[in-house]
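**Q** Encoded as structure tokens, here's the structure I'll be asking about.
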Amino acid sequence: MEIRVTSGDIAQVATGAVVVGLFEGAPQLEGAAAALDRALDGAISRLMADGEIKGKASEATLVHTLGKLPSARVLVMGLGKKEDLSLDRLRAVSGDACRALRRAGVTRFATVSHGAGVGGIEPRAAAQSLAEGAILGLYTFRRHMTRPPEFKEIDELLLVEREAEKLSALEQGVRSGRITAEAANMARDMVNEPANFMTPAQMAEAAREVAEQHGLAITVLEREQMQEMGMGALLGVAQGSQQPPKFIVLEYKGGGSRTPLGLLGKGLTFDSGGISIKPAEGMQEMKGDMAGGAAVIAAMGAIAQLRPPVNVTGIVPATENLPSGTAYKPGDTLKSMGGKTIEVISTDAEGRLILADALCYARRQGISPLVDAATLTGACVVALGDVCTGAFTNNQEFLNKVLKAAGTAGEKTWQLPMYVEYKEQNKSDVADVKNTGGRNAGAITAAQFLAEFAEDTPWVHLDIAGTARSEKERGYTVKGATGTPTRTFIQLALDLA
Ligand code: BES
Ligand code: MN
Ligand code: ZN
């Protein structure tokens with residue numbers, strides 16, 4: 001979809017549909033909506049008077065213009081209450097509007113930048129939200145379908161602005177929005193891709209393409225190098241699979257000699273549970289157990305395009321977790337890169353094992369601070385559902401920055417506690433630590449396990465087990481992979497600059 005910004009009067013534009021926004025409870029139409037209403041002999045205000053248009057968030061009303069306007073249709077989108085307007089509301093309305101138009105067969109449309117100037121929202125940010133919501137909301141994953149789609153793609157979005165001096169801010173916003181949303185969609189593609197099309201080698205290949213396209217340095221460590229570096233935890237998980245593991249490192253340099261921000265992502269391209277095998281029901285979802293890694297790779301590409309003056313290193317340990325005659329077993333002990341030994345209680349608690357070596361690698365490289373994203377625990381899903389990501393830290397100041405970035409990005413994130421008492425559940429009788437802490441507080445004991453390997457480096461862990469996928473289509477979220485936390489990662493790099 002092409003997004004263009006032009007100056008002019010939206011009532012004069014000839015396209016498939018023009019979109020106007022309406023606040024809930026607004027006594028009368030204002031601005032562009034009022035002008036369109038006049039041209040339509042009061043059709044919109046009549047729908048309002050009759051109670052069919054209330055302005056509730058994402059309420060969509062399509063009105064045919066029957067030759068009274070150069071465009072064939074007007075789509076009136078509810079923006080919700082004016083005092084509740086936020087960037088995330090604008091993203092959601094944009095996504096819902098685009099899908100409503102696509103359902104109606106519209107392939108080109110024009111809109112004004114809703115919300116610009118309301119409640120402190122800058123035109124640039126409003127345009128960014130509009131573009132993000134549109135690109136995210138229209139996302140589909142059809143690579144493995146041979147039947148044609150039942151809809152036509154929207155190929156043009158025209159953003160029309162009356163005041164010419166605002167155009168460049170809107171254009172900048174559209175550019176950032178496009179880069180951010182396309183990155184999240186790339187992460188979605190990787191997560192939606194089945195495990196037979198997204199092996200560790202294919203993940204490394206995807207990272208290589210991102211690196212080549214956007215000028216990032218890339219290193220992919222092979223099994224032999226992992227052995228030399230002593231990554232016994234990652235290698236333990238990988239030993240049950242025929243697919244060779246890959247340790248992917250992407251580097252963006254924009255910040256001179258400053259220590260890089262480290263983005264780490266769990267790259268389990270398929271998690272069967274291993275010898276501690278998972279129940280068959282729902283196991284197919286474990287093709288998405290590399291969502292954290294996908295977000296890292298995609299965010300690195302976006303950061304390279306947005307060029308903030310910081311250094312950022314992306315690290316993705318990638319492997320499968322399968323049962324076989326060579327697989328690691330419950331009771332095995334593994335020696336991690338830093339020398340700490342781990343007793344394996346469950347081979348299904350594999351994410352924390354591969355991240356243990358990734359954290360150690362990052363520390364050896366002098367990378368600080370560190371954020372990891374991982375579909376780590378079912379316990380996090382039980383605690384927080386699919387509404388928000390769980391956040392954990394050894395450094396409150398750094399977590400506050402991550403929470404702020406997540407808020408700007410519209411990716412809900414909630415902190416869970418890291419009281420030292422929880423560490424006791426990870427104590428082992430035969431090794432330094434064990435890889436499960438029992439049923440209680442499973443998301444926290446997993447985070448406490450990772451904390452052993454982050455040591456004194458400022459670190460945040462994001463458990464995205466519940467938020468990496470959505471069962472519902474709503475706003476700019478569609479069914480399947482969400483791309484979380486790609487946009488938080490990008491925003492964090494921008495904020496740290
Ligand atoms: N990848 C899973 C966690 C998961 C569960 C992600 C549901 C997405 C949806 C992880 O590797 C896992 O299996 N965790 C175990 C840990 C347990 C054995 C301590 C879990 O949560 O059951
Ligand atoms: Mn598992
Ligand atoms: Zn897993």
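The values are calculated or read from the model by the stated rules, or taken from the named source; none is laboratory data. Keep in mind it's a predicted model, so treat the numbers as computed, not measured. Every residue, glycine as well, gets a Cβ built from its backbone with ideal geometry; the counts of neighbours run over all protein chains shown. Surface accessibility is based on the protein's heavy atoms, side chains included, excluding ligands, DNA and RNA. Shrake-Rupley method; radii C 1.70, N 1.55, O 1.52, S 1.80 Å.
**Q** When the residues of the range 225-240 are filtered to those that are more than 16 Å from ligand 2 (Cβ to nearest atom) and open to solvent by less than 10 Å² (accessible area, probe 1.4 Å), which remaining residue is farthest from residue 378 (Cα to Cα)? So that I can check it myself, show each step before the final result.
**A** Going residue by residue through the range 225-240, those that are more than 16 Å from ligand 2 (Cβ to nearest atom) are 225-232, 235.
With open to solvent by less than 10 Å² (accessible area, probe 1.4 Å) added as a condition, the list becomes 226, 231.
On the way: 226: 29, 231: 26 Å.
Among those residues, the one meeting the criterion is 226.
**Q** In the range 336-348, what count of residues is obtained for those that are within 16 Å of ligand 2 (Cβ to nearest atom) and open to solvent by 10 Å² or more (accessible area, probe 1.4 Å)?
**A** Counting residues in the range 336-348 that are within 16 Å of ligand 2 (Cβ to nearest atom) and open to solvent by 10 Å² or more (accessible area, probe 1.4 Å) gives 3.
**Q** Examine the range 251-264 for a residue that is in contact (Cβ under 8 Å) with a residue 40 or more places away in the chain, assigned by TED's automatic domain parsing to the domain that holds residue 362 and under 19 Å from residue 181 (Cα atoms), and state whether such a residue exists.
**A** yes
**Q** Answer yes or no as to whether residue 445 is more than 23 Å from residue 233 (Cβ to Cβ) and either touching a Leu at 6+ places or on another chain (Cβ under 9 Å) or not acidic (Asp, Glu) (or both).
**A** Numbers: more than 23 Å from residue 233 (Cβ to Cβ): no; either touching a Leu at 6+ places or on another chain (Cβ under 9 Å) or not acidic (Asp, Glu) (or both): yes.
No; evaluated as a whole, the condition is false for this residue.
**Q** Look through the range 241-267, keep the residues that are more than 22 Å from the chain's Cα centre (by Cα) and surrounded by 23 or more Cβ atoms within 10 Å (Cβ to Cβ), and return whichever of them is nearest to ligand 1 (Cβ to nearest atom). It would help to see each step written out before you state the result.
**A** Residues of the range 241-267 more than 22 Å from the chain's Cα centre (by Cα): 241-246, 253-259.
With the extra rule that they be surrounded by 23 or more Cβ atoms within 10 Å (Cβ to Cβ), the set shrinks to 245-246.
Numbers: 245: 16, 246: 18 Å.
Ranking the qualifying residues of the range 241-267, first place goes to 245.
**Q** Counting only residues that are of a type in the set (A, V, I, L, M) and either farther than 27 Å from residue 191 by Cβ or surrounded by fewer than 23 Cβ atoms within 10 Å (Cβ to Cβ) (or both), how many does the range 451-470 have?
**A** 1
**Q** List the pairs whose first member sits in the range 313-339 and is more than 15 Å from residue 349 (Cβ to Cβ), whose second member is hydrophobic (A, V, I, L, M, F, W, C) and open to solvent by 50 Å² or more (accessible area, probe 1.4 Å), and whose Cβ atoms are under 9 Å apart, counting only residues at least 6 apart or on separate chains?
**A** 324/275; 337/229
**Q** Can you spot a residue in the range 249-260 that is within 12 Å of ligand 2 (Cβ to nearest atom), farther than 17 Å from residue 195 by Cβ and either part of a strand (DSSP E or B) or not charged (D, E, K, R) (or both)?
**A** no
**Q** Conditions: (1) aromatic (Phe, Trp, Tyr); (2) within 22 Å of residue 367 (Cα to Cα); (3) within 16 Å of ligand 1 (Cβ to nearest atom). Residue 270 meets all but one. Number of the miss?
**A** Among (1) aromatic (Phe, Trp, Tyr); (2) within 22 Å of residue 367 (Cα to Cα); (3) within 16 Å of ligand 1 (Cβ to nearest atom), residue 270 violates only (2).
Condition check ((1) open to solvent by 10 Å² or more (accessible area, probe 1.4 Å); (2) part of a helix (DSSP H, G or I)) across all residues:
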{"position": "354", "(1), (2)": "no, yes"}
{"position": "362", "(1), (2)": "no, yes"}
{"position": "386", "(1), (2)": "yes, no"}
{"position": "422", "(1), (2)": "yes, yes"}
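**Q** When you look at residue 100, is it in contact with a Pro (Cβ under 6 Å, 6 or more places away or on another chain) and either in the same structural domain as residue 19 (by TED's automatic domain parsing) or surrounded by fewer than 23 Cβ atoms within 10 Å (Cβ to Cβ) (or both), yes or no?
**A** It is false that residue 100 is in contact with a Pro (Cβ under 6 Å, 6 or more places away or on another chain) and either in the same structural domain as residue 19 (by TED's automatic domain parsing) or surrounded by fewer than 23 Cβ atoms within 10 Å (Cβ to Cβ) (or both).
**Q** Same structure again: Hey, residue 371 hits all of (1) touching a Leu at 6+ places or on another chain (Cβ under 8 Å); (2) under 27 Å from residue 279 (Cβ atoms) but one; which does it fall short on?
**A** The failed condition is (2).
**Q** Additional query: Mind listing whichever residues of the range 424-455 are assigned to a helix (DSSP H, G or I) and among the small types (Gly, Ala, Ser)?
**A** Correct list: 442, 443, 446, 447, 451, 454.
Residues checked against (1) out of contact with any Gly (no Cβ under 8 Å at 6 or more places or on another chain); (2) crowded, with 19+ Cβ neighbours inside 10 Å; (3) under 26 Å from residue 406 (Cα atoms):
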| site | (1), (2), (3) |
| --- | --- |
| 139 | yes, yes, yes |
| 144 | yes, no, no |
| 147 | yes, no, no |
| 180 | yes, yes, yes |
| 183 | no, yes, yes |
| 200 | no, yes, no |
| 210 | no, yes, yes |
| 221 | yes, yes, no |
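**Q** I'd like to verify a number: residues in the range 103-121 that are modelled with pLDDT of 90 or more, under 18 Å from residue 174 (Cα atoms) and over 25 Å from the mean Cα position of the chain (by Cα), how many?
**A** Number of matching residues: 5.
**Q** Just a yes or no: is a residue in the range 281-301 part of a loop (DSSP other than H, G, I, E, B), away from ligand 2 (no atom under 14 Å from the Cβ), in the same structural domain as residue 376 (by TED's automatic domain parsing) and under 24 Å from the mean Cα position of the chain (by Cα)?
**A** no
**Q** Condition first: surrounded by fewer than 18 Cβ atoms within 10 Å (Cβ to Cβ) and within 13 Å of the chain's Cα centre (by Cα). Now tell me which residues in the range 388-407 satisfy that.
**A** Once the filter is applied, which keeps residues that are surrounded by fewer than 18 Cβ atoms within 10 Å (Cβ to Cβ) and within 13 Å of the chain's Cα centre (by Cα), the range 388-407 yields only 407.
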